[in-house]
Structure formats: structure tokens, C-alpha cells
Amino acid sequence: MAIAFPNTIQLRQMTSADIPQLLQIEAEIRRSPWQSETFQKEIDNPLCRAVVITVIEAVVGYGLSWLVGDECQIHYLAVGKHKRGQGFGELLLFDALDYARHQGAQWATLEVRDSNLPARTLYEKYRFKIVGRRDSYYQDTGEDALLMNAFLGDPDYHQFMEEAAHDLQFKLSNEGKSP
């Protein structure tokens, strides 16, 4: 499903040239930020869909997902603090799920911090359900992770994604007016 963006917003493949901006966002949002080598491995991984969102050519968010068989593993979605709440995280999730569905994935899975209520709310909007818990999963805090999955093969999911695309396009059109 194509979403039309304002001309100030772009979703594109991540490249090595993006790594300096990715590291800046990492330092801003994570206690244990990823290093450039980690991003380069993801960019080079043929199973990984690595994308960035730019606003006026500045990277504001990025997403990493892996497609293995009929499953999409949402590996990492991140948006800089100054751009949160504007639909960019949702766009990254939507892109990963839409791509996976078109590649034949039936399931999507992810882990999320138990305390990350904004992310959990977004995932629940996209029909993710809690299916397990990983005790002390996050090394930086010892916090548990919730394991969530969504059934992309549900016959109603296509219609849901059409509606989500419409809503997201409207939200991003309004945000794109004042980046």
C-alpha cells in the first residue's frame, strides 16, 4: 500500500552514509547505544529490511525488520526524541508489516519493554497480542520484555491495513507542514 508523503518526508532504504545520524539518535534515546558496526551488519544482512525516515533530508527515525520464512521479526524501531508522537514510529511499523505481508509473511513478532506504554499501545493498534514474557531481557536495566505477535494472514488484516494507511497518510500530511 503506498502512502503519499509531503515532499519534506521520505522513507527510504538505510545506507552506510546514514550511520553518523543514526548514532546521534542512538546516543539521544538509548542507555546502551548501538555502534556503527552494528548498523553496518544490519545494512549488509540480506534478511534485513533497514529503512530510515528523513524530514528535509535529516534522519528522524529508523526501522530494522527481518523476514525469515513466513515470519517478520520487528527487530528495532526508533524515532528521535524531538520527533516522537508525530506518526513516524507508526510509519516505520506500517512499512515493516506492509512489506512483510507482500512478501508472504503470515506472522509478525517483536519484543517491547514492559514499561514502554506508547509502543505497546501502537503495537496493540496493529493487532499485536502479548504471547509471552522474557524475564530480565534488557541488559541495561534488567527490565522484562513482552513478546508480542500479530497474525498478518487474518483475512480482515488487509482491510485494516488499508484503513491504517489512510489514517497515517492524513496524520503525516499534517505533520509534514511544519517539520
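Summary of values
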{"read-out": "Where Q139 falls short, out of the listed (1) of a type outside the set (D, E); (2) under 18 Å from the mean Cα position of the chain (by Cα); (3) assigned to a loop (DSSP other than H, G, I, E, B); (4) under 23 Å from R31 (Cβ atoms)", "value": "(2)"}
{"read-out": "Residues satisfying the stated conditions in the stretch 13-35, i.e. in contact with a helix residue (DSSP H, G or I) (Cβ under 9 Å, 6 or more places away or on another chain), surrounded by 11 or more Cβ atoms within 10 Å (Cβ to Cβ) and either charged (D, E, K, R) or assigned to a strand (DSSP E or B) (or both)", "value": "D18, E26, E28"}
{"read-out": "Filter result for R49 (touching a Ser or Thr at 6+ places or on another chain (Cβ under 7 Å) and among the charged types (D, E, K, R))", "value": "yes"}
{"read-out": "Selection from the stretch 36-75 of residues that are surrounded by fewer than 16 Cβ atoms within 10 Å (Cβ to Cβ) and part of a strand (DSSP E or B)", "value": "A58, V68, E71"}
{"read-out": "Candidate set: the stretch 82-108, residues that are charged (D, E, K, R) and within 17 Å of L64 (Cα to Cα); chosen: the one farthest from the chain's Cα centre (by Cα)", "value": "R101"}
{"read-out": "Extreme residue, surrounded by the fewest Cβ atoms within 10 Å (Cβ to Cβ), among residues of the stretch 137-158 that are of a type in the set (D, E, K, R) and within 22 Å of L91 (Cα to Cα)", "value": "D156"}
{"read-out": "Residue match in the stretch 102-111 (condition: aromatic (F, W, Y), without any contact (Cβ under 8 Å) to a residue 60 or more places away in the chain, crowded, with 21+ Cβ neighbours inside 10 Å and in contact with a strand residue (DSSP E or B) (Cβ under 6 Å, 6 or more places away or on another chain))", "value": "no"}
{"read-out": "When residues of the stretch 117-136 are limited to those that are assigned to a loop (DSSP other than H, G, I, E, B) and either modelled with pLDDT of 95 or more or in contact with a Leu (Cβ under 9 Å, 6 or more places away or on another chain) (or both), the one surrounded by the most Cβ atoms within 10 Å (Cβ to Cβ)", "value": "F128"}
{"read-out": "Some residue of the stretch 162-176 being among the charged types (D, E, K, R), within 20 Å of R31 (Cα to Cα) and either assigned to a loop (DSSP other than H, G, I, E, B) or free of Cβ contacts under 8 Å to residues at least 60 places away in the same chain (or both)", "value": "no"}
{"read-out": "Close pairs from the stretch 34-56: first closer than 26 Å to H102 by Cα and modelled with pLDDT of 95 or more, partner of a type in the set (S, T, Y) and assigned to a helix (DSSP H, G or I), Cβ under 8 Å, at least 6 apart", "value": "Q40/S16; I43/S16; R49/Y99"}
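The values are calculated or read from the model by the stated rules, or taken from the named source; none is laboratory data. On a predicted model such as this, the values are computed, not experimentally measured, just so you know. Cβ: placed from backbone, ideal geometry, glycine included. Neighbour counts: every protein chain shown.
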